[in-house]
Structure formats: structure tokens, C-alpha cells
Amino acid sequence: MSGAPLLPLETITQRIVVLRGQKVILDSDLAALYGVETRRLNEQVRRNPGRFPADFIFEVTTDEFTNLKSHFATSSWGGRRKLPLAFTEHGAIMAAT
């Protein structure tokens, strides 16, 4: 699986955010961690909905996304067509398989 360069662990740790009372990582950051394109990760998730119940993954709302962007000085989210997916710890592990 080749794709975007892998992110250092410290960068991933800094990208863990709290949404809806849960620690999550956004799809673009998780994809970078696994070395795949975000769209490919999301395609696989959408093709396998039974593996990703609501407590594993959820779509970020427009308000949540705007709030997140305002908290990060540099945005890696430019030009997104869809709202990001947020993966809980279990969702991130399931995405690895």
C-alpha cells in the first residue's frame, strides 16, 4: 500500500481530538498513519458498514468541523468535498484490518 508519506507518532498523537465526549482521529490523519489516501480509506469503510458501527465511527458535523479547523493553525483539510469521518479507538483498529 503506497500513498502519502507516513506521519510521525507525535503528529498522530497531537491529532487525537475529543468530539462528542470521545477521543477520535479524523479520516485524513488515520489514512496518513496507514499510508493510504483518505478517499481509499473512506471507500473501504463505506463498503463495509457492518464492520464500523456507530461507536466505532461517525461523520463530523459542519459545526464540529468548523470548530476543529479553528483550533489548528495549519490545515491539512483544504478542498474537502465531504465532511470527515471520525474514528474512535476501536474504529481505528478495525480500519487497520
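Karplus-based coupling profile of segment 58-69, in residue order and whole Hz: 8, 7, 6, 7, 4, 5, 4, 5, 4, 5, 4, 4, with θ = phi - 60° in 6.51 cos²θ - 1.76 cosθ + 1.60 and x standing for Gly or Pro. A simple rule links phi to the HN-Hα coupling: the Karplus curve 6.51 cos²θ - 1.76 cosθ + 1.60 with θ = phi - 60°, which for segment 12-24 gives 5, 4, 6, 8, 6, 10, 9, 10, 6, x, 10, 6, 9 Hz, with x for Gly and Pro. The HN-Hα couplings worked out from phi for segment 37-48 by the Karplus form 6.51 cos²θ - 1.76 cosθ + 1.60 (θ = phi - 60°) are 6, 4, 5, 5, 4, 5, 4, 5, 5, 5, 7, 10 Hz, whole numbers, x standing for Gly and Pro. Taking every protein chain into account, the 1.4 Å probe leaves Lys69 with about 90 Å² of accessible area, to the nearest ten. With both labels modelled 7 Å from their Cα along Cα-to-Cβ, the Gln22 to Arg80 distance reads 1.6 nm. When the residues Val36, Val24 are ordered by accessible surface, computed with a 1.4 Å probe over the protein chains alone, the sequence from largest down reads Val36, Val24. Taking all protein chains into account, the per residue accessible area for segment 6-73 stands at 62 Å² (1.4 Å probe).
The values are calculated or read from the model by the stated rules, or taken from the named source; none is laboratory data. Here the structure is a predicted model, which is why all the values come from computation and not from measurement. Cβ sites come from the backbone with ideal geometry, for glycine too, and all protein chains shown count toward neighbours. To get the accessible areas, we keep the full protein, side chains included, count just its heavy atoms, and leave off ligands, DNA and RNA. Shrake-Rupley method; radii C 1.70, N 1.55, O 1.52, S 1.80 Å.
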